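Below is one structure, written out as structure tokens; comments come after it.
The values are calculated or read from the model by the stated rules, or taken from the named source; none is laboratory data. If you're wondering where the values come from, they're calculated on a predicted model, not measured in any experiment. Backbone-built Cβ (ideal geometry, glycine too); neighbour counts: all protein chains shown. For the accessible areas, the whole protein counts, side chains as well, though only heavy atoms, and no ligand, DNA or RNA atoms are used. Shrake-Rupley method; radii C 1.70, N 1.55, O 1.52, S 1.80 Å.
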Amino acid sequence: MKVLDFPLAKVTISFILGILACYYWQPTIFMAGCILIITGLVFSVLYFLSGKSKRLLLFFGISSCLVSFWFGIITLLLHKDSLKPSNYIHYKKAFENEQPISFTLTEQLKSNTYNDRYVASLNYINSITYTGKIIVNIKKDNTRNTLLIGNTIQTDAILQHAKSPKNPNQFDYAKYLSNKNIYAQLYISRSEIKVSKKIKKDIWFYAAGIHSRIIHNLEKAHFNKTEMNVAMALILGQRQEISSDIIKDYQYSGATHILSVSGLHVGFIMLFILFILKPIPNTRKGSFIKLIAILVSLSLFGIISGLSPPVLRSVIMFSFLAIGNHLRRGSNIYHTLLVSVLLILLFEPYFLFDVGFQLSYIALFSILWIQPLLKELWKPKNKIYNYIWEALVVSFAAQIGTFPICLYYFHQFPCLFFVTNILILPILSFIMITGIVVMIISAFYSCPVLLIKIFEKSIYILNLITHGVASLESFVIRDIGFNSYYLLAFYALTVTTVFWFKKPSYPKLIAIFISVIFVQITFIMTKKDLEQRQELIVYHVKGKTVITERNGKDIFLFSNENVGNKSSEKYRLNPAIIENSDSIKSLSKIKNTFFFNHHKILLIDSSGVYKKNSCPDILILTQSPKINLDRLLLDLKPKLIIADASNSYSIQKHWKMSCAKKRIPFHSTGEMGFYKLNQEITTGLF
């Protein structure tokens with residue numbers, strides 16, 4: 001089957017390329033709109049002329065792709081809330097001074113040690129209507145949390161921009177929130193808020209109400225808390241209360257995907273519904289009844305699960321598969337997937353940058369594309385062997401497709417994923433069916449205790465299996481360096497290899513060889529880049545001073561503490577070094593004077609001791625030294641001041657003012673993040 005021969009495939013790909021181009025290029029709406037109008041007019045003219053001359057069909061196809069491309073750009077721009085005049089990002093005073101703010105809670109997030117966290121929709125700031133989504137952090141106290149989704153809250157607070165990463169290669173939380181059109185957070189305590197008696201009763205309110213009723217009925221039946229949290233994740237995709245230890249077990253065993261509602265879960269529901277409706281004949285009328293039952297059931301499941309984005313994606317995806325099956329288009333399942341992708345991105349283009357969205361579609365596409373190929377390798381006659389082989393084939397097909405992107409995002413690989421999938425698939429099938437029944441009953445009434453106990457014990461066994469596999473930590477490869485070049489190279493190799501196995505030919509074999517060369521080039525270029533890289537970095541580590549010197553691929557770490565425990569410091573800097581598979585060569589206690597490329601660097605710690613005639617190029621202040629910085633600047637005349645995270649915030653404010661008077665650059669890692677000095681090393685740290 002040639003997927004690209006389907007016209008909508010080219011349109012969808014062009015639309016996705018348009019979204020990507022807009023995301024990284026960021027053109028203006030005016031320019032994009034003008035070009036879209038021009039390409040639209042060309043498309044219209046070619047549409048009428050191509051009917052008379054077949055020579056113009058090629059140009060008509062190109063023009064349709066261009067229209068789709070620019071429509072993708074316009075779609076992302078229209079969904080970018082920061083471009084709307086009414087968005088709070090344009091009210092600068094809200095980020096500078098305390099303002100009266102009103103917002104409505106729309107989604108509950110996973111709480112942390114200190115705060116209950118929510119996504120909220122803004123209503124007004126200082127009596128002026130402003131729109132947009134924010135993250136609300138409400139400090140925990142001894143009182144019970146009685147807030148509900150739909151509550152409108154008034155408070156006086158300052159909006160804060162989401163924090164950018166302070167160290168290299170760390171997770172960019174600000175960018176993550178920006179992709180969800182969230183540009184600010186606020187931190188408040190319960191005593192500072194006033195909750196309106198009027199609740200906004202929209203679909204999110206009713207979905208949260210159903211969710212709360214399910215939890216209440218399960219708790220009333222004395223459902224074990226640990227197992228209940230896993231059940232809520234498995235069936236409803238609610239991971240807010242699940243413990244970090246459980247998540248770690250599922251990560252190390254290669255079963256993290258089952259804790260997030262995805263195609264696997266919705267697929268189970270769809271199969272369960274088809275099983276119930278099996279007595280209905282596959283006539284035209286019977287098929288239509290089945291379709292309506294599936295669509296209604298999937299919609300209800302989405303509402304019960306809280307209408308979270310991963311659930312909505314999966315529901316839409318399988319709804320289109322059900323429609324395609326009803327229309328007898330099973331052979332064009334790839335086309336059905338493309339339609340679902342196009343529809344989802346048309347309404348939520350930022351989903352394209354969501355890891356869950358990428359993994360869901362890549363995994364499903366890989367299963368559909370690669371699984372038949374692997375299945376042909378062996379056809380066991382024994383039913384038990386056949387079950388194990390089919391489970392392995394599906395697992396391997398999904399893993400082959402998602403392997404590069406998982407390494408790119410998570411930098412680890414659980415080698416025993418296939419063992420986990422073989423062991424958990426039978427019990428997972430039972431859990432999904434039982435869990436759906438339990439959740440539906442609990443949404444309205446108290447569920448029978450016997451059914452709940454069976455459900456609870458099955459989840460206990462599931463946790464036991466994942467914990468057993470996860471305990472073999474030697475089979476989990478961590479800290480894998482995998483950059484974007486590797487990602488492209490490995491996907492090129494995977495695609496060309498599968499194409500060749502599907503239908504071997506000489507051109508396809510040449511394509512494989514080219515892909516192999518591409519992979520080798522990426523390894524060589526990455527290694528060359530590492531060997532030539534020379535840099536010194538002052539990190540942002542709270543309460544500590546950490547400096548690294550890179551000499552090629554070797555990293556030398558220096559700290560102000562006793563560095564007998566290597567693992568603790570490596571853990572703190574792990575995100576900064578795993579990108580290139582580096583390892584720390586040595587750890588030493590840093591001294592007060594060192595050199596980097598003829599630059600003399602002086603470090604002043606809590607002792608405040610320094611030599612007046614040292615004259616450093618760079619001065620690093622650590623551990624809040626009690627010094628008169630104005631006098632020190634006159635004595636030492638440094639060209640740059642760096643203050644790391646071991647200094648108190650109040651002292652750094654005074655230092656910044658002193659440096660501003662002397663017009664000396666001041667770099668605070670708390671405000672600006674890590675400091676990097678890129679130069680060729682002539683003298684190392686001592």
Hey, what D do you get for region 97-196 in µm²/s if you plug the Kirkwood alpha-carbon radius into Stokes-Einstein at 37 °C and 0.692 mPa s? 233 µm²/s
What is the dipole size for region 193-295, taken about its Cα centre, with +1 at each Lys and Arg Cβ and -1 at each Asp and Glu Cβ, in debye to the nearest 20? 700 debye
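At 20 °C and 1.002 mPa s, what whole-number value in µm²/s does Stokes-Einstein give for the translational diffusion of region 478-554, with Rh from the Kirkwood sum over Cα pairs? Numbers along the way, then the final one.
Working: Rh = 15.2 Å.
This corresponds to a translational diffusion coefficient of 141 µm²/s.
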If Lys and Arg each add +1 and Asp and Glu each add -1, what is the summed charge of the other residues whose beta carbon sits under 13 Å from the beta carbon of I247? 0
Got a sec? Charge dipole of the chain, +1 on Cβ for Lys and Arg, -1 for Asp and Glu; which of S646, H161, L274 is way out at the positive end? L274
How many Å² of accessible area per residue for region 335-378, probe 1.4 Å? 42 Å²
Region 325-455 - Debye-derived log10 I(q)/I(0), Cα point model, q = 0.15, 0.18 Å⁻¹: -1.03, -1.17
On Cα atoms only, tilt of 417-442 relative to the major axis of the chain in degrees: 70 degrees
So the angle from the long Cα axis of helix 29-50 to the longest Cα principal axis of the chain, reported in degrees to the nearest 10, equals 30 degrees
What is the calculated FRET efficiency for E219 to E561, with r their C-beta to C-beta distance and R₀ = 45 Å, to the nearest 0.05? 0.50
Run the dipole for region 145-264 about the Cα centre, Lys and Arg Cβ at +1, Asp and Glu Cβ at -1, nothing else charged, and hand back the magnitude in debye, nearest 20. 440 debye
For the chain, one quarter of the surface area of the C-alpha convex hull, expressed in nm², comes to 38.0 nm²
Going out from 0 in 10 Å bins, what whole percent of all Cα-Cα distances in region 330-391 drops into each bin? 18, 37, 26, 15, 4
Using only the alpha-carbon atoms, how far is helix 284-304 inclined from the longest principal axis of the chain? Give it as 0 to 90 degrees, nearest 10. 30 degrees
How large is ³J(HN,Hα) for each residue in region 76-81, as worked out from phi by the Karplus curve 6.51 cos²θ - 1.76 cosθ + 1.60 (θ = phi - 60°), to whole Hz, x for Gly and Pro? 5, 5, 6, 9, 8, 4
Positive dipole terminus of the chain, leading residue within N145, S14, Y114 (C-beta point charges): S14
Would you mind working out the accessible area per residue for region 113-269, using a 1.4 Å probe, and quoting it in Å²? 49 Å²
Starting from the exponent 0.38 and prefactor 2.2 Å, build the expected Rg for region 210-299 from its residue count and divide its actual Cα Rg by it. 1.38
Amide H partners (placed H, <5 Å) of A157, local residues excluded: Q99, I101
Excluding Y361 itself, calculate the net charge of residues whose Cβ lies under 15 Å from the Cβ of Y361, where each Lys or Arg counts +1 and each Asp or Glu counts -1. -1
Pairs of alpha carbons in region 18-171 whose separation is greater than 25 Å (percent): 54 percent
How large is the charge dipole for the chain, taken about the Cα centre, if only the Cβ atoms of Lys, Arg (+1) and Asp, Glu (-1) carry charge, to the nearest 20 debye? 800 debye
Show that you can apply the helix-only estimate: for the chain, add -39,500 (n - 2.57) for every DSSP H stretch of four or more residues, divide by all residues, and state [θ] at 222 nm to the nearest 500. -17500 deg cm²/dmol
Carbon/sulfur accessible area of the chain, % of total, 1.4 Å probe, equals 63 percent
Given R₀ = 35 Å, FRET efficiency for I62-I323 by Cβ-Cβ distance, to 0.05? 0.70
